[in-house]
1. Hey, what number do you get for the chain at 222 nm if only DSSP H runs of n ≥ 4 count, each worth -39500 (n - 2.57), divided across all residues, to the nearest 500?
2. Where in the chain are there GluC sites (Glu not before Pro) that are in a DSSP coil and have at most 15 other Cβ atoms within 10 angstrom of their Cβ?
3. What do you get for the angle between helix 31-49 and the principal long axis of the chain? Use alpha-carbon atoms, 0 to 90 degrees, nearest ten.
4. Round to the nearest 10 and give me the degree value, 0 to 90, for the angle of helix 3-19's Cα axis relative to the longest principal axis of the chain.
5. State the percent of C-alpha pairs, over all pairs in the chain, separated by a distance greater than 13 angstrom.
Amino acid sequence: MTYAADRLWEEAAYVAYYLHWTFETILDLEHPVRERLIEEIGKIHTRMAG
């Protein structure tokens, strides 16, 4: 598996964990949209963690 494939799995798992979306739904997102979601989820997670 290449780094890109590993990274895609990490991104999909992260979004699925927090938003409970299906793998197919996450894969349908354009990469910049998926990156932005990850960024925003990270911000929310940081705020909630205090």
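1. Details: 3 runs with 41 residues, N = 50.
Here the helix-only value at 222 nm equals -26500 deg cm²/dmol.
2. Numbers: sites: 10, 11, 24, 30, 35, 39, 40; in loops: 30.
Passing sites in the chain are 30.
3. 30 degrees
4. Roughly 40 degrees, rounded to the nearest 10.
5. Details: 704 of 1225 pairs.
For the chain, the share of Cα pairs beyond 13 Å comes to 57 percent.
Just so you know, all these numbers are worked out from the coordinates, no wet-lab data involved. Here the structure is a predicted model, which is why all the values come from computation and not from measurement. Reconstructed Cβ throughout: ideal geometry from the backbone, glycine too, with neighbour counts over all protein chains shown.
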